[in-house]
Amino acid sequence: MKEIIGGKIVVNSLVEEGVNTVFGLIGSAGMEIFDGLYDAKPINFIGVRDERTGTHMADGYARASGKAGVFIAGQNGPGVTNLVTGLAQAKAALSPVVAIAGSLSSAHQYRDAFQEVDQTSLLSTVTKRSVLVPSTDRISELMRDGFRTATTPKQGPVAINIPRDVLSKSVEQVGEYRPKGREFDYICAASAASVDHARKIIANAKSPLILVGGGVKNGRQSKLVEKLATLLYAPVAMSPGHGDAVSCDFDLYAGQVGPRGNTVASNLMKTADVILAIGTRIGFNTTFYSYDNINSSAKIIQVELDPLAIGRFFPVELGIYADSGEFISSLIDSLSGYDPSSAVKSWTNDFLAKRKQFLADREGYESSSLLIQPAQLYRSIRHLAPKDAAYTMDAGTLCLQATDNLNYAQPPSLFTPLDFGLVGFSYACGLGVKLACPERTVISLMGDGGFGMTSSELGTAAQYQIKSICIVMNNGCWGAEKAYQKDFFGKRYMGADVPNPPYDKLAELWGVKGYRASSIKEFEDVFAAALSADAPAVIDVSVDPDALFSFRRDSFAHRAK
């Protein structure tokens, strides 16, 4: 019988799973995998410059495509420790990333060997599951299990650690064992009694609000939500980072809520008498776990696939353990003949008027400063970017300023660090999104500090001609922290300022189109050029260094004067 080595089994498993894009960084512990990829024509391999940023690419690819994103860390030890931040980010985003890591030879484990670290235990803290493959004949089984674990609710990253000797050993090639039940006809549906209970609560509402989050976005259920909102004549608000769960072109779109949200949507949360929360934990970024950001008298109907999330932070009138789409479809059927009351119509008409004014104020922003203000920059992006544009963002000042300042017309189109609050994420994530959706315009927004962390991936963009556009908002500082030092520490600036090279020139040295702008007119000209360049591009934009504000003022209440 024909024999096959472990590395080739890994590659065959990827092909079986339908994987067509793999990110990775070559290393001696995984050489058999990379050699197997050499002949794997269905798979497009993207070699990256750092394991952390490569994992962000796999994360972006997974979120944009709806399929597992795969990263291969070829080096054990430091190559794997570099994965930690990227996998922690993917876990926070419920992103189905499968990380395959070369590991120390079995005979050398627990001997303080070269580059030894307990990878399986280390990665278990930042993944849904971390396994060590014990033998070559178990690779296929544990690869299948890894993909199943990553892609079933609730999704999340998986680490598969494979020792060098397991990858290099040959075993007899036998017929593949594929357990039944891999595919699902449907996901958990709500009971008829729960749907009817929800219908009765909603029917008695005077000021209903639909709040949707990652469950709706990741489930691609925007059209169902729009149909339900139209039937109820109720506004639709989104949890932060999921402003694209429903298209911004939808008439009842309110945008993102909470301390990071726009004022109109946030006020809806504070005044609604019934909140239909679908596919959201109603968590930290949405509420700060405080009734300052949600009506304490509201009746909450929470629909979640994670039963532990239901009623975890706020008591609910009705908790429903179900898939968002299944629930929405059932609720729509139960609402046949529903007619919104005059109170509901008044509530929603008032919202529509305030939303219209919000958009007018956003469009009419003016500043006497000669320096570029973030709001001006976002307005220019709104005007020039195509409707299909997908945006990636970092955390920090930029993400706060950008909230609901851009248009998310084609879900999914917003990719952020979410609750992990990571800086140095956006550009690499954007490269992954672009590979998943090559037909779409992908725009990555970063601060200058964050871009400095990830600029080596310009080499990846140039090598593989990944044609995203990165806009570096360059204010020469770590903006969020400098704002805290300004407001609460007597302007005693320590470590806040960041001298940078001209990033447009750095981009050109890597083989990427580089542009620079110090006025709005210059930005609009170079942005239009980047959009038509059909090449990877970076735009270094000088923005007002004083355009800062302290977001978590509550964290420094003890220092307020």
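Ranking Q357, G219, G258 by how far each Cα lies toward the positive end of the dipole of segment 192-359 (charges on Cβ) leaves Q357 at the top.
With a cut-off of 18 Å on the backbone N, the residues of segment 331-362 near the modelled label site 7 Å out from K206 along Cα-Cβ are 340-351. Give the distance, in whole Å, between the Cα centre of segment 67-133 and the Cα centre of segment 32-58. Each part reduced to its Cα centre gives a spacing of 15 Å. Note on T125, T416, T136: ascending count of other Cβ atoms within 10 Å places them as T125, T136, T416, the fewest first. Counting neighbouring Cβ atoms within 10 Å and putting the fewest first, the residues L370, L431, L352 line up as L370, L352, L431.
Decide, for segment 192-359, between rounded, prolate and oblate: order the square roots of the alpha carbon gyration tensor eigenvalues as a ≥ b ≥ c, take rounded if a/c falls under 1.5, and otherwise choose prolate if a/b is larger than b/c, else oblate. Verdict is rounded for segment 192-359.
Couplings 3J(HN,Hα) of segment 342-347, computed from phi: 5, 5, 5, 4, 5, 4 Hz, in residue order, whole Hz [Karplus 6.51 cos²θ - 1.76 cosθ + 1.60, θ = phi - 60°; x for Gly and Pro]. Restricting the count to DSSP beta bridges whose residues both fall in segment 3-172, what percent are antiparallel, rounded to a multiple of 5? If I count the DSSP bridges inside segment 3-172, around 10 percent turn out antiparallel. For segment 33-48, backbone phi angles converted through the Karplus equation (6.51, -1.76, 1.60; θ = phi - 60°) give residue-by-residue couplings of 5, 5, 5, x, 5, 4, 9, 8, 4, x, 9, 8, 8, 10, x, 10 Hz, Gly and Pro being listed as x. The calculated FRET efficiency for the pair V15 and L531, based on their C-beta separation and a Förster distance of 41 Å, comes to about 0.70.
Between amide H atoms placed 1.01 Å from N, distances below 5 Å from S130 occur with A159, all of them 5 or more places distant or on a separate chain.
If R0 is 45 Å, the Cβ-Cβ spacing of N44 and A343 corresponds to a FRET efficiency of close to 0.25. Residues whose amide H falls under 5 Å from that of N44, counting only those 5 or more places apart or on a different chain, are T21, V22, with hydrogens built in the peptide plane. Each residue in W347, W510 was given a count of other beta-carbon atoms within 10 angstrom of its own, and listing them fewest first yields W510, W347. For the chain, the 222 nm mean residue ellipticity estimated from helices alone, with every DSSP H stretch of n ≥ 4 adding -39500 (n - 2.57) and the total spread over all residues, rounds to -11500 deg cm²/dmol. Taking every DSSP bridge with both residues inside the chain, close to 5 percent are antiparallel.
Taking every C-alpha pair closer than 8 Å and separated by at least 6 residues, the mean separation divided by the residue count of the chain gives a relative contact order of 12 percent.
A short reminder: the numbers here are calculations on the coordinates, not readings from a lab. Since this is a predicted model, take the numbers as computed values, not measurements. Please note: Cβ atoms are built from the backbone with ideal geometry, for glycine as well, and neighbour counts cover all protein chains shown.
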